[in-house]
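Every number in this text was worked out from the coordinates using simple rules, so none of it is lab data. Since the structure is predicted, the reported quantities are computational estimates derived from the model, not experimental observations. Quick reminder, even Gly has a Cβ in these numbers, built from the backbone with ideal geometry, and neighbours come from all protein chains shown.
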Amino acid sequence: MNKIALITGISGQDGAYLAKFLLSKNYKVIGGERRSASGSLWRLNELGIEKDIEIVDFELSEFTNIYRVIEKYKPDEIYNLAAQSFVAASFEMPIMTSDVTGLGVSRILEAVKNINPSIKFYQASSSEMFGKVSESPQNEKTIFYPRSPYGVAKLFGHWITINYREAYNIFACSGISFNHESPLRGNQFVTKKITHGLSKVKLGILDYIELGNLDSKRDWGYARDYVEAMYLMLQQKKPDDFIIATGKNYSVRDFIEETCAQLKIQLEWTGEKENELGIDVHSGKEIIKINPKFYRPSEVDLLLGDAKKAKNILNWQPKTNFKKLVQIMVESDYSKLKSI
Ligand code: G4F
């Protein structure tokens, strides 16, 4: 019998890569999609797996819907990747974010507990929970200090996962993923905004891109690598929590510079703070501008993960370094835009 996996957030970047990976392991994949996200299955299409997945309406704010889906499909494993996952938007929609990203996790766990407590559960936790970091690098024991409604909601999801494991013996794991990117990343996230935007600039489709804080540092990995760690967590003898990260971090400015290098744009910086500009030396044009509307009310200045535990116990480590990641994203964006 094939194992059955329910992936919530199937229309997102990680949902698509995880579905592809689980299909390669002969799983039957049920993809939970929010009704309002309907029609956004282009990522599955891009990976050529749209027809291999059964899509179901899945709404994290509606307990009865969650209960019915789990009761009907009887999954062996649930991967909860659904969330309001854009940090900036969580400042505008803190209540919805708390409900979906935070309380949504307890709705699934409560359904699991009542329907079949032997279902294995993966919670997509986030390095955003470390926020104002107390030490670097951050590991599974580092204390949390979230700096956004999103981070606070994710922290609730993390602890409620641990609580259901301890209280009801549910095989529930929390994977604390640091930023992970790919060609399937949404355009609002900074990496994709840069690779997509600067590819357009290179092709003469756009004059410039506008960004916020260029100095924050992130530990950026490749999403395709990270979904394998999610799967591995649910295959262990004991449920546990793991950091998923590369152990190297770079600033937004570094990401821009690497993108320019890949696109063969010679970049020069002038000015400071809000007046800083990125100039294309060859054309003399201003191709990067700062717009304070992209600053966050409270920022996470740096994140850097220590994934030693995942290496030791899961035998997992990232395969894709920063340079390669930027190259994968730039090549994908540039070639797609060029062929339009
Ligand atoms: O790409 P970002 O929006 O990602 P952020 O906020 O780090 O969150 C991502 O990673 C988390 C894991 O740590 C996930 F949990 C979360 O769901 C999401 O996937 O922003 C990265 C950095 C920030 O410091 C932001 O202030 O880039 C800075 N930035 C500068 N200019 C910008 C921009 N971010 C965005 N989105 N857009 C800008 O124009």
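In plain terms, if you count all Cα to Cα distances in the range 226-272 and split them into 10 Å steps from zero, the share in each step is 19, 29, 20, 18, 11, 2 percent. Principal-axis analysis of the Cα atoms of the chain puts helix 63-73 at an angle of about 70° to the longest axis.
Cut-off 10 angstrom, C-alpha nodes, Gaussian network model of the chain. Which of ALA19, ALA82, ALA261 fluctuates the most? Largest GNM mean-square fluctuation: ALA261. Pop a pseudo-label 7 angstrom from the Cα along the beta-carbon direction at both LYS323 and GLU210 and give the gap in nm to one decimal. Each label point lies 7 Å from its Cα, and together they span 3.5 nm.
Build a GNM of the chain with springs between Cα atoms under 10 Å: which of PRO149, PRO292, PRO75 gets the top mean-square fluctuation? Maximum among the listed residues: PRO292. Here the ratio of the Cα radius of gyration of the chain to 2.2 N^0.38 Å is 1.00. Dividing the summed -39500 (n - 2.57) terms of all DSSP H runs of n ≥ 4 by the residue count of the chain sets its mean residue ellipticity at 222 nm at -11000 deg cm²/dmol. Applying 1/(1 + (r/R0)^6) with r as the Cβ-Cβ distance of ILE115 and LYS308 and R0 = 51 angstrom yields a FRET efficiency of 0.90. Evaluated at q = 0.16, 0.23 Å⁻¹, a Debye calculation over the C-alpha positions of the range 41-140 (equal weights, vacuum) places log10 I(q)/I(0) at -0.87, -1.23. Based on C-alpha pairs under 8 angstrom that are at least 6 apart in sequence, the range 23-74 has a relative contact order of 39 percent.
Look at the alpha carbon pairs under 8 Å that are at least 6 residues apart: their mean separation over the length of the chain gives a relative contact order of 17 percent. The Rg/Rh ratio for the range 186-270 is 1.11, where Rg is the radius of gyration of the alpha carbons and Rh is the Kirkwood radius.
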